[in-house]
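Novice: Submitted below is the structure of interest, expressed as structure tokens.
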Amino acid sequence: MSLTSNQIQFSKEELDGETNRLFASLSNLGWTKEICQTYAPLTLEINSLKKQKNAIILAHNYQLPEIIFGVSDFVGDSYQLSKQAAQTSAQTIIFSGVRFMAETAKMLSPKKNVLMPSPDAGCSLAESINAQDVINLRKQHPDAAVVTYINTYAEVKAESDVICTSNNALKIIESLPNEKIIFLPDKYMAQNLAKLTKKQIIGWEGLCVVHEEFSPQKLEAYRRFYPEAKILVHTECSPAVVAIADLAGGTGEMQKYVSNSSANEFMIVTECGLSDKLKVEFPKKKFIPSCGLCPHMKRNDLRNILKALKNPSPDQFVEVPLDVASRAQKALDKMLEFA
Ligand code: 13P
Ligand code: SF4
């Protein structure tokens, strides 16, 4: 199937220039000029539509390289993307990520159009819990504060005291007066946090389908082959995996670690999009294959981004009921106070 959209005609100079621009980054992933050439008409069309429609594309660190290096305006972790969504002056946000992220963008920028390229992009953590579960937990633990990971839907955020990301979860927990914290919904992240605080952490049974698959045995085996490699793992991994890591953090912290480290070899134990991004940005460093694919994140591609910009279907528009949004926004605003 051809990747060209055949709607806007570009000159040979424009197409060659775009091919070269894509090749400059994507050749680090083994992409050839010919492959870049097939993508060029599509990335050109998306980039020119963005200008016409006063739109920006926010992309999570796990997105495909042609999205990150071809069409995105800002790439980051959940916290950085929330900040961008709250601050942008563009009228339309195309959110290349998953539903809970796009919902968060809509709640932080309620007057903007927020569109999801793939409306079905969910998340196993977000789907593990609903609003009634939070209400029941509060009844069981009336003296606890509810700290909820951003990987949840708006109705769950609306029942929470404060939202967090992997980046600021510990800081937020320590800042609260309560000695008892209900931390939702990631079981492993709750266990990892419990090791870092004296507070009592009450968790939930949610797990990330990507990070629950990483085993300490596999990482130990890799370590024997690559003794010099730094092992960076996401805090959604099990405590046994976190125990053997050089760093446990969110995708933004992993990126910062690679950027500041004098080491040359890394194992990036998270979704593969991040290691692809790092391979492009740090071409002299070596990344040992150690990632997994998120079936939700990988639903977005250049075609559904183009559709969201050009001729969106009703289900690509992200809406959050106003009463839910206003309660969730209070918990989100508290999160934004913690860098
Ligand atoms: P961060 O980019 O905030 O670390 O989030 C990772 C993740 O799994 C998002 O779905
Ligand atoms: Fe959800 Fe895990 Fe996919 Fe992130 S990687 S969107 S936590 S399923």
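The values are calculated or read from the model by the stated rules, or taken from the named source; none is laboratory data. Model, not experiment: these values are computed from the prediction. Cβ: placed from backbone, ideal geometry, glycine included. Neighbour counts: every protein chain shown. When the accessible area is computed, the model is the full protein with side chains, heavy atoms only, and any ligands, DNA or RNA have been set aside. Shrake-Rupley method; radii C 1.70, N 1.55, O 1.52, S 1.80 Å.
Novice: To the nearest 500 deg cm²/dmol, what mean residue ellipticity at 222 nm is calculated for the chain from DSSP H runs of n ≥ 4 alone, each contributing -39,500 (n - 2.57), summed and divided by the residues? Mind dumping the intermediate values first?
Specialist: Details: 15 runs with 150 residues, N = 339.
Only helices count here, giving -13000 deg cm²/dmol.
Novice: Roughly how big is the chain's charge dipole about its Cα centre, with Cβ charges of +1 (Lys, Arg) and -1 (Asp, Glu), in debye to the nearest 20?
Specialist: On the way: 38 positive and 38 negative charges, 86 e Å.
Here the size comes out at about 420 debye.
Novice: To continue, here is another question. Tell me, which cysteines of the chain are without a disulfide-compatible partner by the Cβ under 4.7 Å rule?
Specialist: CYS36, CYS123, CYS164, CYS208, CYS237, CYS294
Novice: With all protein chains present, how much of the accessible area of segment 217-295 (probe radius 1.4 Å) comes from carbon and sulfur, to the nearest whole percent? The partial results should precede the final answer.
Specialist: Numbers: 1880 of 3590 Å².
That share works out to 52 percent.
Novice: Any idea of the accessible area per residue across the chain, 1.4 Å probe, to the nearest Å²? If you can, show how the numbers build up before the last one.
Specialist: Details: 14740 Å² over 339 residues.
Using a 1.4 Å probe on heavy atoms only, each residue of the chain averages 43 Å².
Novice: Between LEU170 and LYS284, how many nm apart are label points set 7 Å from Cα along the C-beta direction?
Specialist: About 3.1 nm, to one decimal.
Novice: Could you work out how far helix 131-140 tilts from the main Cα principal axis of the chain, as a 0 to 90 degree angle to the nearest 10?
Specialist: So the inclination is approximately 20 degrees.
Novice: Once you place label points 7 Å from the Cα toward the Cβ at LYS111 and LYS83, how far apart are they in nm?
Specialist: My value for the distance between the label points is 2.3 nm.
Novice: If the elastic network links every pair of Cα atoms under 10 Å, which of PHE74, PHE225, PHE282 fluctuates the most in the Gaussian network model of the chain?
Specialist: Answer for the Gaussian network model of the chain: PHE225.
Novice: I need the chymotrypsin sites (Phe, Trp or Tyr not before Pro) found in segment 138-217, filtered to DSSP loop residues with at most 10 other beta carbons within 10 Å of theirs.
Specialist: Numbers: sites: TYR149, TYR153, PHE183, TYR188, TRP204, PHE214; in loops: TYR153, TRP204, PHE214.
Nothing satisfies the criteria.
Novice: Just to be sure I understand: with springs between alpha-carbon atoms less than 10 Å apart, which residue in LYS180, LYS285, LYS51 has the highest mean-square fluctuation in the Gaussian network model of the chain?
Specialist: The residue with the greatest mean-square fluctuation here is LYS51.
Novice: Angle, helix 78-87 long axis vs. longest principal axis of the chain, Cα atoms, 0 to 90°, nearest 10?
Specialist: Result, in degrees: 70.
Novice: Percent of accessible area on segment 83-175 owned by carbon and sulfur, 1.4 Å probe?
Specialist: Working: 1380 of 3050 Å².
In segment 83-175, the share of accessible area belonging to carbon and sulfur is 45 percent.
Novice: Compute the length gained on full extension between LYS307 and ASN54: take 0.36 nm times their separation in residues and subtract their Cα-Cα distance, giving the result in nm to one decimal. Working shown, then result.
Specialist: Working: separation 253, 0.36 × 253 = 91.08 nm, distance 1.55 nm.
Contour length minus the Cα-Cα distance gives 89.5 nm.
Novice: Tell me the angle of helix 33-52 to the major Cα principal axis of the chain, expressed in degrees between 0 and 90 and rounded to the nearest ten.
Specialist: 70 degrees
Novice: Same structure, new question: Share of antiparallel DSSP beta bridges in segment 96-254, in percent to the nearest 5?
Specialist: Working: 0 of 14 bridges.
Antiparallel: roughly 0 percent of the beta bridges in segment 96-254.
Novice: Please get the size of the charge dipole for segment 135-239, origin at its Cα centre, with Cβ charges of +1 on Lys and Arg and -1 on Asp and Glu, quoted in debye to the nearest 20.
Specialist: On the way: 13 positive and 13 negative charges, 61 e Å.
So the dipole magnitude of segment 135-239 works out to roughly 300 debye.
Novice: Taking the Cα of ILE135, stepping 7 Å toward and past its beta carbon, and measuring to each backbone N in segment 148-177: which are under 15 Å?
Specialist: 155-160
Novice: How much of the DSSP bridge set in the chain is antiparallel, in percent, rounded to the nearest 5? Kindly include the intermediate steps, with their values, before the conclusion.
Specialist: Values: 1 of 34 bridges.
Within the chain, antiparallel bridges account for around 5 percent of the total.
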